Amino acid sequence: MIELLPRIFAYKLAYYTGFPKILPVSYTISLTYRCNSRCSTCNVYKKKSEHMSLEEYRLLFKSLGKSPYWITYSGGEPFLRENLVEIVTLGYKICKPAMINIPTNGILVDKIVESVGKISEACPKSQIIINLSIDGVGEQHDKIRNVEGNYQKVIETYNRLREKNYKNVSIGIHSVISVFNVQDFTKISNTLMKLNPDQYITEIAEERVELDTIGQEITPSLLSYKAAIDYLIHRIKNTKIKKRVNRITQAFRIEYYQLVKETLKEKTQVIPCYAGVASAQISPDGEVWTCCVKAKPLGHLKDTNFNFKKIWFAELAKKERASIKNKECYCPLANAAYTNMLHDIPTLYRVFIRSFVKWWT
């Protein structure tokens, strides 16, 4: 991550002054709205959208150049895209991202295991992160996801991927904390962490335009979330972690969980948001957004022959960046939050202390 330091300085300048014109470091590329889960916290499967073709992704990746450090390929369920491997491989060859993240519900066991193997082989110099979504234990997970047998399948996917032991692949578990599981989170996190994933991460359920969940009241209260996440923070702080890179990762996790609590309490941006500056999202049909919470279109790639720069540096994007800078919105979106924390000096100081000196309370 040392190579990011000059760019972080450039992003801070761009945030406060509008210059230099610089492309994001983090991209979330949603490949499809199709999904074989029916989650209580997400209605994305109800949305209809055209899919970008492989050639259209080629044009997009050429436009992005070497700017991506981190690319997340999301959905819907990404492994429902028939040409997922080809898209990820194409992005790797053109953009050379250091990190590739693919979340999945783990239902398509054989296809996921086979595809991850191909991606690992095709992208040898990228760190590939496969995050399996698990929101409960046993039937509770199936009930939240509204798919019978989901828990059994995702655990099978996890075990089979772990057996492969790919050098450039880490297997994580991701839980969404919502009104449906917050009271049971201690049991859930204890059970899942006993599986010894390479990383265990959580995210709070949000009302998002992209997920069609506005007004559904799926976000837990501050009090219940605090009780759940404080337990996880306690466990992280009291776990001996030998690898420094994992200590750094966990230190950022602690900062994110604290940030979510403050955001829920203050109902405003706690640290500056760099969505629209250092991070971006692209929908399955080619709309460009600053983030998936607002999902406000800045433009359509098909209108620019898939030239991302024409949209990113246009007047509409400039106005949206000003709106975000003026704190006209706030959210605890994880992808954006981790990028934001890289630009916040107090956060970086605390991460340094936790990672290289000692664990703090």
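For a paramagnetic label modelled on D184 (point 7 Å from Cα along Cα→Cβ), amide N atoms under 12 Å away belong, within segment 121-161, to 135-146, 151. When the chain is treated as a GNM with alpha-carbon contacts under 10 Å, the residue of A251, A314, A280 showing the greatest mean-square fluctuation is A314. What the phi angles of segment 246-263 give under the Karplus curve with 6.51, -1.76 and 1.60, with θ = phi - 60°, is a coupling list of 6, 5, 5, 4, 5, 5, 5, 4, 4, 4, 5, 5, 5, 5, 4, 4, 5, 5 Hz, glycine and proline written as x. Here the label points at L5 and V209, each 7 Å from Cα along the C-beta direction, are separated by 3.8 nm in the simple model.
Full extension of the chain segment joining K125 with T239 gains 38.1 nm, where the gain is 0.36 nm per residue of separation less the Cα-Cα distance. W312 sits with roughly 0 Å² accessible to a 1.4 Å probe, with DNA, RNA and ligands left out of the calculation.
For the chain, what does the helix formula give at 222 nm: sum of -39500 (n - 2.57) over DSSP H segments with n ≥ 4, over the residue count, nearest 500 deg cm²/dmol?
My calculation for the chain gives -13500 deg cm²/dmol from helical runs alone.
For T89 and L195, a Förster radius of 30 Å and the Cβ-Cβ distance give a FRET efficiency of 0.55, rounded to the nearest 0.05.
Karplus-derived 3J(HN,Hα) values for segment 178-188, using 6.51 cos²θ - 1.76 cosθ + 1.60 with θ = phi - 60°, are 9, 5, 7, 9, 4, 6, 9, 5, 4, 5, 4 Hz; glycine and proline are entered as x.
For segment 90-112, backbone nitrogen atoms closer than 13 Å to the point 7 Å from L54 Cα along Cα-to-C-beta are found at 90-91.
How many Å² of accessible area per residue for segment 175-218, probe 1.4 Å?
Numbers: 1950 Å² over 44 residues.
For segment 175-218, the solvent-accessible area averages 44 Å² per residue.
Using R0 = 35 Å, the C-beta based FRET efficiency linking N305 and Y330 works out to 0.50.
Our note on the geometry: Cα centres of segment 124-149 and segment 71-104, 18 Å apart.
Each residue of segment 191-205 was assigned a 3J(HN,Hα) from its phi angle through the Karplus expression (A = 6.51, B = -1.76, C = 1.60, θ = phi - 60°), giving 5, 6, 5, 5, 6, 6, x, 4, 7, 10, 10, 10, 9, 7, 5 Hz with x at Gly and Pro. Within the set [x] 1.09; [y] 0.93; [z] 0.98, the number that Rg/Rh (Cα atoms, Kirkwood Rh) takes when calculated for this structure is listed as [y]. Leaving out ligands, DNA and RNA, and with a 1.4 Å probe, what % of the accessible surface on segment 170-320 is carbon or sulfur? After summing per-atom areas, the C and S share lands at 51 percent. GNM on the chain, alpha-carbon springs under 10 angstrom: the most fluctuating residue among Y231, Y200, Y257 is Y231.
With all protein chains present, how much of the accessible area of segment 1-120 (probe radius 1.4 Å) comes from carbon and sulfur, to the nearest whole percent?
61
Rounded, prolate or oblate, given the Cα gyration tensor of segment 1-134, with a/c below 1.5 counting as rounded?
prolate
Restricting attention to segment 95-199, the count of lysine pairs at 8 or more positions apart or across chains with alpha carbons under 23 Å apart stands at 20.
Looking at the chain alone, DSSP beta bridges between its own residues are antiparallel in about 10 percent of cases.
The values are calculated or read from the model by the stated rules, or taken from the named source; none is laboratory data. Here the structure is a predicted model, which means the values were calculated and not measured. In this analysis, Cβ positions are derived from the backbone assuming ideal geometry, glycine residues included, and neighbour counts consider all displayed protein chains. Quick note on the areas: whole protein, heavy atoms, side chains included, nothing else; ligands and nucleic acids left out. Shrake-Rupley method; radii C 1.70, N 1.55, O 1.52, S 1.80 Å.
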